[in-house]
1. Please list 87-100, 297-310, 251-264 highest first by mean number of surrounding beta-carbon atoms within 10 Å per residue.
2. Measure of size requested: the Rg and Dmax of region 148-274, with Cα atoms as the atom set and Å as the unit; please supply both.
3. Where does the charge balance sit around N180 when Lys and Arg score +1, Asp and Glu -1, over other residues with C-beta under 10 Å from its C-beta?
4. Obtain the radius of gyration and the Kirkwood radius of the chain from its C-alpha atoms and give Rg over Rh.
5. Please list, or write none, the lysines whose alpha carbon is within less than 19 Å of the alpha carbon of K333, excluding same-chain residues fewer than 8 places away.
6. Under a plain spin-label model, where a point goes 7 Å from the Cα along Cα-to-Cβ, how far apart in nm are L303 and H288?
7. Given axes a ≥ b ≥ c from the Cα gyration tensor, I'd like to know whether region 157-202 is rounded (a/c under 1.5), prolate (a/b larger than b/c) or oblate.
8. Take the alpha carbon gyration tensor of region 61-178, find the square roots of its eigenvalues, order them as a ≥ b ≥ c, and report rounded if a/c is under 1.5; if not, report prolate when a/b exceeds b/c, else oblate.
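Each reported figure results from applying straightforward, stated rules to the coordinates on display, with no laboratory input. Please read all numbers here as calculations on a predicted model, not as lab measurements. Cβ coordinates were reconstructed from backbone atoms using ideal geometry, including for glycine residues, and neighbour counts include every protein chain displayed.
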Amino acid sequence: MNVLVTGGAGFIGANFLRLLVPRHPEHRFVNVDALTYAANPKSLAPIAEAPGYCFERVDITDADAVDRVFATHQPDVVVHFAAESHVDRSILGPKQFLRTNFEGTFNLLEACRKHWQDLGDKVFHHVSTDEVYGSLGTEGFFTEETAYDPSSPYSASKAASDHLVRAWHRTYGLPVKITNCSNNYGPLQFPEKLIPLMILNAVERKPLPIYGEGLNVRDWLYVTDHCEAIWKVVQSGAVGETYNIGGHNEKTNIDVVDALCHLVAEETGVDAAELLALKTFVKDRPGHDMRYAIDATKIERDLGWTPKQTFESGMRETVRWYLANDAWIQDVKSGDYKTWIEANYGDRRDGESAS
Ligand code: NAD
Ligand code: DAU
């Protein structure tokens with residue numbers, strides 16, 4: 001089977017390929033990635049020479065290039081990760097989010113429609129987010145039936161792409177599957193996201209910027225648990241169906257940051273109080289969703305998926321990974337990282353140290 005993976009040099013895509021390429025030598029995996037700021041080819045070093053793996057540097061907003069990749073590699077399965085993924089970036093510059101997340105998804109759907117004559121064994125798997133459902137109050141969970149209500153340019157662009165995927169199924173009979181997952185964490189995540197940013201800032205004794213009062217809630221899932229869930233849906237999920245994926249790990253941001261300070265302190269032998277004193281409340285994210293929480297009953301009941309990592313075990317593995325992988329970190333911190341940190345946090349500096 002030929003499996004075309006888009007965005008395989010990013011956080012979740014690279015974890016997915018590192019898990020599945022060694023496990024499935026009978027399949028060919030083609031990684032299609034534009035190598036934006038969020039990608040790091042070093043993430044793929046363990047599989048770069050594997051016989052069943054190859055890389056194509058292609059921007060999915062380029063319809064002709066996408067068409068050529070389909071003609072060359074003739075995929076049976078597409079697992080579509082490629083996206084602009086960071087909410088704060090979408091607030092400062094929404095256009096590229098519409099281009100990649102909406103138009104890029106459209107180009108892939110059209111390539112499937114053109115190249116897939118026999119639809120029998122084909123799958124277009126669209127990797128999406130729980131952010132399409134908007135924000136919860138203190139009660140309740142997102143189910144597959146929750147109405148879409150996105151708040152940010154990022155989540156609106158992902159919601160739009162989900163609608164395209166469903167429309168291509170209903171109108172053209174394309175065999176699609178969609179997963180909507182909660183917040184991922186783990187190795188290889190670009191340090192603009194909360195968990196790696198806090199680990200690296202704590203190590204460097206820089207302020208730990210907490211938006212608003214730090215009471216927003218996210219439902220955290222270890223990245224390889226997400227990857228296993230996606231592969232389960234690719235293999236045995238029903239065509240045309242949506243599956244929500246989540247970790248049953250609801251935490252306020254402040255609790256996440258506190259836990260990270262204690263873990264980094266333990267792992268590096270410093271006093272936790274020194275790291276906790278770095279917490280700084282800064283100006284909130286506009287349109288900041290209050291709470292996400294996933295009801296994962298459908299994928300657990302129908303496909304027998306459950307997460308393997310607890311929040312405690314996954315967080316410790318993550319902290320250890322960032323402490324042990326300085327070369328990877330230095331690689332992603334060159335390039336546009338410094339400019340981004342200044343653009344995003346520069347005008348939030350009315351914050352104060354947390355007590
Ligand atoms: P990421 O930002 O780490 O990686 C995105 C990858 O896509 C990068 O390798 C980048 O080079 C590539 N890419 C971006 N634009 C491209 C383009 N125009 N053409 C080709 N490649 C392009 O993202 P991630 O966190 O790994 O997320 C992957 C997918 O999972 C996204 O679709 C995201 O919406 C979804 N998702 C993420 C999370 C999360 O917590 N990170 C949770 C749920 C769903
Ligand atoms: O829910 C799934 C989504 O999770 C994915 O679809 C997105 O691609 C992914 O980026 C993530 O979005 P969030 O906005 O929830 O993740 P982020 O790591 O940016 O922020 C997590 C929480 O922490 C959020 O409430 C904002 C807050 N935060 C974030 C940063 C970067 C801070 O308080 N300070 C920070 O510096």
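1. On the way: 87-100: 17.4, 297-310: 15.6, 251-264: 19.5.
By packing density, highest mean first, the sequence is 251-264, 87-100, 297-310.
2. Final numbers for Rg and Dmax: 18.3, 60 Å.
3. That sum, taken over residues with Cβ under 10 Å, equals -3.
4. 0.95
5. Filter leaves K42, K193, K206.
6. 3.3 nm
7. The shape class here is prolate.
8. It is oblate, given that a/c is not under 1.5 and a/b is not larger than b/c.
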